[in-house]
Every structure is written in C-alpha cells, then in structure tokens.
Amino acid sequence: MNVDQEMYIWIDTIFEKNKNGIVVDGYSFDDDFGLEEDKWHYRGDFSIISRTNHKKIYNGTVDVIHYSRYGLKWIVNYDVDCFILPFLITSNKNMNLIYSGEIHILATAEFKRYKKKAKCTDGMFQIISENCLANLRIEGGFYYIDLFSDVSNMNISNIYTENFRFAGYDEPIIKLLYD
C-alpha cells in the first residue's frame, strides 16, 4: 500500500469548531502529515470511517494549520464531530474497515528494539502492509488493531498473511497471529 499517494490520517482528538472548520489531531501514516508536504492541504472527495464501520464521503478540504500552543494540527471543513472518536480520514474512497478489536501479534526484533528505545509500553503505531493499513494500540500489555483495506476481497481470515511495517520502512515489524 503506497501511503504517499493518498491521504490517511487517524483522528483521535477534536479540539474545536471555528469559522473555517473543525480542528482535529491524530496521526498520519506518513511523514508529511498525510498531505503533500509542499502544500499541506487536500481538496476533493474524502471518506471518514469510524471504528464502528460508519462511513461517509465528503467533498471538501483538509488542511494543516498551526493551532495556538499545540503546534501543527488539521482543520477539516465538515462536521466530523458527529463521528465517534477515533476515526480515519482518507482520500481513498475504496478504503473499508476490516477489523477493530483485540489481536495477537508476533513482533520482530526491530519492533521490540523500537519500543525499548522509545521507552513505551503503551502507545499507538500507524502501520501498513501490502494490502492494509492499521492503527495498532498497545494498552496494558494487550494489543488492539483498527485495520483498513481497499482490496475488495480482504477480510479477517486473510489478514494473517500480511507483514506490517512502518510507512517508509522496508523491514516488517509485526505479523498478526490467529487467536
């Protein structure tokens, strides 16, 4: 999955509504805030997909802004607060939720080193595979995943063959395991 050609932003916080839209925060699946770095804005159709598989397509804008003391955030010109947090904003209209819930993983040595270096036991990680992207959450030693794909026949039974990695990296960091 090439995240550099589409907008993928995992939204977990809504700050406020203002005259230009709704200021939100979260995590992009690339290093450019999910948008083209030279422009930092998106114009056109985009989908919002919730963890409960509620999906709606809008035509509008998503921009990177500097939000007072909080730094760079996104502003969306639609009433996205009607969605239950968290949710995915994407320009890929074919993207669908495949699974949301607890998962077991096989972590590579690279992922274990990364967690140790970052001194994190809990946290969120945006990961991709050839056919999927996901928000991986670690809470209290348990792993949870919100998994999305634009592949028409992708479902929970065939995600176990995917090798997940960080966007921009070649080496796999985790593999999902059967329960």
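The values are calculated or read from the model by the stated rules, or taken from the named source; none is laboratory data. In this text the structure is predicted, and so the values were computed from the model without any measurement. Reconstructed Cβ throughout: ideal geometry from the backbone, glycine too, with neighbour counts over all protein chains shown. Protein only, heavy atoms only, side chains kept; ligands, DNA and RNA dropped before computing areas. Shrake-Rupley method; radii C 1.70, N 1.55, O 1.52, S 1.80 Å.
Remark: accessible surface ordering of T90, T52, T61 (largest first) is T52, T61, T90, probe radius 1.4 Å. Figure note: S100, S152 ranked by solvent-accessible area, largest first, 1.4 Å probe, ligands and nucleic acids not counted: S152, S100. Projecting the Cα positions of F111, L177, I138 onto the charge dipole of the chain (unit charges on Cβ atoms of Lys, Arg, Asp and Glu, taken about the Cα centre) puts I138 furthest along the positive direction.
Round to a whole number: what % of the accessible area of the chain belongs to carbon and sulfur, probe 1.4 Å? Walk me through the intermediate numbers first.
Details: 4470 of 9580 Å².
Percent of accessible area from carbon and sulfur atoms in the chain: 47.
Around the amide H of D150, modelled in the peptide plane, lie the amide H atoms of N96, all under 5 Å away and 5 or more residues distant in sequence or on another chain.
The radius of gyration of the Cα set in region 50-174, together with its Dmax, comes out at 15.9, 45 angstrom. Counting only lysines at least 8 places from K117 when in the same chain, those with an alpha carbon closer than 22 Å to its own are K175. Shown in residue order for region 112-124 are the 3J(HN,Hα) couplings computed by the Karplus curve 6.51 cos²θ - 1.76 cosθ + 1.60 at θ = phi - 60°: 4, 5, 4, 4, 5, 4, 7, 6, 10, 9, 10, x, 10 Hz (x for Gly and Pro).
Could you pull out the pairs from K39/K112; K17/K119; K17/K55; K73/K116 whose alpha carbons sit more than 31 Å apart here? Distance filter (> 31 Å) returns K39/K112; K17/K119.
If you sort R69, R51, R113 by accessible surface, 1.4 Å probe, largest first, the order is R69, R113, R51. Dipole check for region 15-64: with +1 at the C-beta of Lys and Arg, -1 at the C-beta of Asp and Glu, and the Cα centre as origin, the magnitude is about 520 Debye.
For region 1-153, a crude dipole built from +1 on the beta carbon of Lys and Arg and -1 on the beta carbon of Asp and Glu, taken about the Cα centre, is about 460 debye to the nearest 20. Per residue, the chain reaches -1500 deg cm²/dmol at 222 nm when only DSSP H runs of four or more residues are counted, each adding -39500 (n - 2.57).
Near the amide H of I173, within less than 5 Å, lie the amide hydrogens of F164, R165, F166, all on another chain or at least 5 residues away, with H placed in the peptide plane.
The shape of region 39-95 comes out oblate: with a ≥ b ≥ c from the C-alpha gyration tensor, a/c is at least 1.5 while a/b does not beat b/c.
Skip the ligands, DNA and RNA, and give the accessible area per residue of the chain with a 1.4 Å probe, whole Å².
That works out to 54 Å² for each residue.
Say we join alpha carbon atoms closer than 10 Å with springs in a Gaussian network model of the chain; which of G141, G101, G123 then has the biggest fluctuation? Largest GNM mean-square fluctuation: G141.
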